[in-house]
Structure formats: C-alpha cells, structure tokens
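Enquirer: Please find one structure pasted underneath; my questions will follow.
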Amino acid sequence: MKNTFKPLLAIAMLMIVFISCEKKEYSFGDLTAPSNLQINTVIVGQDAANPNGDGSGDVEITVTADNAIAYKVDFDANSPVDLVFLPTGTITHKYTTEGVNNYTITAVVYGKGGSSSTITKDITVRSDFTPDAQIVSNLVGTGSKTWIVDEPLAGHFGVGPWNASSVTPEWWAGGPFEKSSCCACFYSASYVFSHNAGNNTYSLKTNTPDGAFTKTGALTTLPGIPASGDEGCYPYAGGTSNFSFVPASSGLATSASTSTSIQLAGNSTFIGYGAVIKEYEILSITPTTMYLRVRGTETGNAWYIKLKAQ
C-alpha cells in the first residue's frame with residue numbers, strides 16, 4: 001500500500017502543476033480611441049470692441065470628446081510642452097505675455113487601454129499689465145542696477161515642487177557657497193537690469209566672465225551649449241535681451257509672492273541658471289535683495305534663486 005501511494009501522489013502533483021500552468025486569456029475590451037474631439041474657448045471680456053479679450057489674459061478652456069476617460073492640455077505649442085491634467089476637461093488659464101499674442105492649444109484625450117487622440121486650436125489673446133512702481137524702482141534703481149547671486153546666504157539656491165501650495169525649496173536648499181568648488185561661474189555672473197525711459201522698455205544684460213551655469217542639450221536654450229554633459233559651467237559670452245513685467249502665471253497666493261514676473265525675451269539671457277523657462281516670478285524684492293522662483297528644467301520642479309544688489 002505504501003509503494004502504491006507514492007506514484008499516485010506524484011501523478012496528482014503533476015496534474016496540479018499542469019493545470020496551474022495553463023495559459024490564461026485576458027481581454028482589454030474595446031480600444032476605440034476617443035473621437036469627436038473639440039476645444040471650446042471663451043476669452044474673458046471678448047466682445048465687438050475687444051475681440052481679443054479685456055486684457056486680463058484669462059481664457060476658459062473646455063475639452064470634450066466621445067469615449068474619453070482623461071484629458072491633458074498644453075496651453076501653447078510655441079513654448080516647451082507641459083501637459084496639464086484636467087480632471088473634468090475644463091480649466092481657466094491666464095496668458096501673461098504682454099500685448100496681443102497668438103497661442104496654439106493642444107489637447108490630448110485618452111480612452112480605454114491607453115488609446116489617445118490629439119487636437120489643436122489657435123487663439124489670440126490680449127494681456128495688459130502695469131507693474132507696481134516700487135517693484136520697478138527696486139529692480140532697476142534710477143535707470144540701471146546690477147544683481148548677483150547671494151552666495152553667502154543659506155538657501156540662495158534650491159529646488160521644490162512646482163505647484164501653488166508650495167513656496168519653499170523643500171526638496172533641497174543650498175548652503176553658503178554651496179557651488180563654489182564645482183561651479184564658480186554661478187557666483188561670478190552678474191545681471192544688469194535697465195529701464196530705457198525714452199521708449200519705456202526694459203533690458204537685461206547677462207555678464208558671464210567664467211561661463212554660464214547650466215545643463216546641456218534640451219535642458220537649456222542658451223546658444224552654443226553642448227548637446228550633452230553634466231550640470232556645470234560652460235563657455236558662454238553672455239547676452240542682452242529685452243524683458244517685460246507680466247502677471248505671474250503660477251497661481252501662488254499674494255501672501256507668498258508679488259504676483260509679478262520678469263519675462264525674458266529671446267534665448268540669450270538668463271538669471272542665475274541657464275534653463276528653458278523664461279518667466280521668473282518675483283517672490284519678494286527690496287532695493288538690495290531679490291527672491292525669484294522659476295519653473296525648473298525637469299517637469300514638476302521649481303527653482304529658487306536669491307540675489308543681492310551689487
């Protein structure tokens with residue numbers, strides 16, 4: 001009896017293994033991509049007398065589609081792609097570039113199984129903005145003022161999440177002289193902000209005697225920077241560009257920000273760090289100190305930079 005039991009047990013174990021290894025069939029269901037996509041926009045204040053809006057820059061955006069599960073939108077195809085998730089397909093976005101400007105909205109609509117469809121729409125929006133006179137005076141003085149990174153100050157450079165609820169470099173904050181050993185150009189660069197009263201324009205001259213502190217490739221717009229390499233100092237002769245004051249687009253509370261940003265024109269200038277985004281939000285400014293926040297090179301990052309008047 002004992003000898004008969006063992007073969008039967010072995011056969012039973014083999015049957016269990018065979019059954020457990022049988023191929024299972026899975027079904028992903030209908031993978032039909034979203035269809036009938038539409039982007040509906042309402043430019044706030046638009047009427048016969050104001051065809052491009054009332055100057056607030058606010059645009060109500062609604063994305064709809066059949067067979068849709070999720071929506072994402074990029075507010076301007078002419079700037080770096082930054083797809084924002086829309087839980088309901090609706091959002092109000094503030095366009096801050098001064099004057100009348102054209103934008104291309106891109107919406108990506110997702111369906112079952114990861115299927116997706118894309119649609120674009122062109123709009124023209126007017127944005128009017130008059131900065132606080134004290135902010136202007138603090139930045140340019142009586143006509144021109146030079147600023148440098150405040151290297152002895154703890155937290156003069158830092159990183160945190162890019163959202164409206166975080167206003168500190170909570171992920172990393174540099175200590176005094178943090179970048180001296182690797183990247184002296186970060187501290188030797190200077191930034192001259194000027195106001196031309198004759199035509200009421202503003203300009204920034206970036207002086208980089210030891211090169212630009214930046215990343216490489218697609219993570220910077222500065223001309224002549226290598227296509228690949230580590231973060232560091234790279235030969236760069238500096239540059240000059242116009243800039244304008246614009247309403248900050250971050251959505252930070254007025255208790256944490258001046259709600260005013262410096263918007264650089266072109267790709268030849270930067271403030272502190274040679275990245276891609278050219279809108280630097282002024283969190284605070286006095287005649288001798290300035291604290292800036294800018295959307296980081298990597299998606300989801302906010303960079304913080306503290307400067308002092310030289």
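Taken together, the values in this text are just the output of simple stated rules run on the coordinates, not laboratory data. The structure displayed is predicted, hence computed values, not measured ones. Backbone-built Cβ (ideal geometry, glycine too); neighbour counts: all protein chains shown.
Enquirer: Chymotrypsin sites (Phe, Trp or Tyr not before Pro) within segment 73-176: which are DSSP loop residues with at most 15 other Cβ atoms inside 10 Å?
Expert: Within segment 73-176, the qualifying chymotrypsin sites (Phe, Trp or Tyr not before Pro) (loop, at most 15 other Cβ atoms within 10 Å) are W171.
Enquirer: Still on this model: Going from the alpha-carbon gyration tensor of the chain, what semi-axes, largest first and in whole Å, does one get by taking the root of 5 times each eigenvalue?
Expert: Equivalent ellipsoid semi-axes, largest first: 49, 30, 16 Å.
Enquirer: Something else: Cα extents of segment 133-309 along the three principal axes, largest first, in whole Å?
Expert: Computed over the Cα atoms, the extents are 41, 36, 29 Å.
Enquirer: Excluding S56 itself, calculate the net charge of residues whose Cβ lies under 15 Å from the Cβ of S56, where each Lys or Arg counts +1 and each Asp or Glu counts -1.
Expert: -4
Enquirer: Same structure, new question: For N207 and F177, FRET efficiency with R0 = 30 Å and r from the beta-carbon atoms, rounded to 0.05?
Expert: That pair, F177 with N207, gives E of 0.90.
Enquirer: Please arrange Y187, Y280 by how many other C-beta atoms lie within 10 Å of their C-beta, fewest to most.
Expert: In increasing order of surrounding Cβ atoms, one gets Y187, Y280.
Enquirer: Could I ask something else about it? Using Cα pairs closer than 8 Å and at least 6 residues apart in sequence, work out the relative contact order for the chain, in percent.
Expert: 14 percent
Enquirer: Give me the distance in nm between label points sitting 7 Å out from Cα along the Cα-to-Cβ direction at S137 and K121, one decimal.
Expert: Reported label-point gap for S137 and K121 is 4.4 nm.
Enquirer: Scanning the chain for trypsin sites (Lys or Arg not before Pro) in DSSP loops with at most 12 other Cβ atoms within 10 Å, what's the longest stretch left with none?
Expert: 25-310
Enquirer: Positive end of the dipole of the chain, charges at C-beta (+1 Lys, Arg; -1 Asp, Glu), about the Cα centre: which of G158, W147, Y103 has its Cα farthest in that direction?
Expert: Ranked along the dipole, the leading option is G158.
Enquirer: Mind giving me the nanometre distance, one decimal, between the label points for L83 and N199, set 7 Å out from Cα along Cα→Cβ?
Expert: Label-label distance for L83 and N199, simple model: 4.1 nm.
Enquirer: In terms of the ratio Rg/(2.2 N^0.38 Å) built on C-alpha atoms, what value belongs to segment 35-127?
Expert: In units of the 2.2 N^0.38 Å rule of thumb, it is 1.11.
Enquirer: For the residue pair L153 and N36, what label-to-label distance in nm results when each label sits 7 Å from Cα along the Cα-to-beta-carbon direction?
Expert: Result for the modelled spin labels: 5.6 nm.
Enquirer: How high is the FRET efficiency from K112 to A265, r the C-beta distance, R0 41 Å, rounded to 0.05?
Expert: Rounded to the nearest 0.05, the efficiency is 0.40.
Enquirer: Let me have the 222 nm mean residue ellipticity of the chain computed from DSSP H runs of 4+ only, each contributing -39500 (n - 2.57), with the sum over all residues rounded to the nearest 500.
Expert: Taken over the chain, the calculation gives -3000 deg cm²/dmol.
Enquirer: Something else now. So if we plug the beta-carbon distance of N50 and T146 into 1/(1 + (r/R0)^6) with R0 = 41 Å, what FRET efficiency do we get, rounded to 0.05?
Expert: After rounding to 0.05, the efficiency reads 0.55.
Enquirer: Follow-up. Taking GluC sites (Glu not before Pro) that fall in a DSSP loop and have at most 10 other Cβ atoms within 10 Å as cut points, what is the longest piece of the chain between them?
Expert: Of all site-free stretches, the longest is 26-310.
Enquirer: Moving to a separate point now. Fewest to most neighbouring Cβ within 10 Å: what's the order for L292, L153?
Expert: If I rank by nearby Cβ atoms, fewest first, I get L153, L292.
Enquirer: List the pairs from K94/K306; K278/K308; K94/K205; K72/K145; K145/K278 whose alpha-carbon separation is above 30 Å, in the order I gave them.
Expert: K72/K145
Enquirer: On a 0 to 90 degree scale, rounded to 10, what angle separates helix 2-20 from the longest Cα axis of the chain?
Expert: 40 degrees
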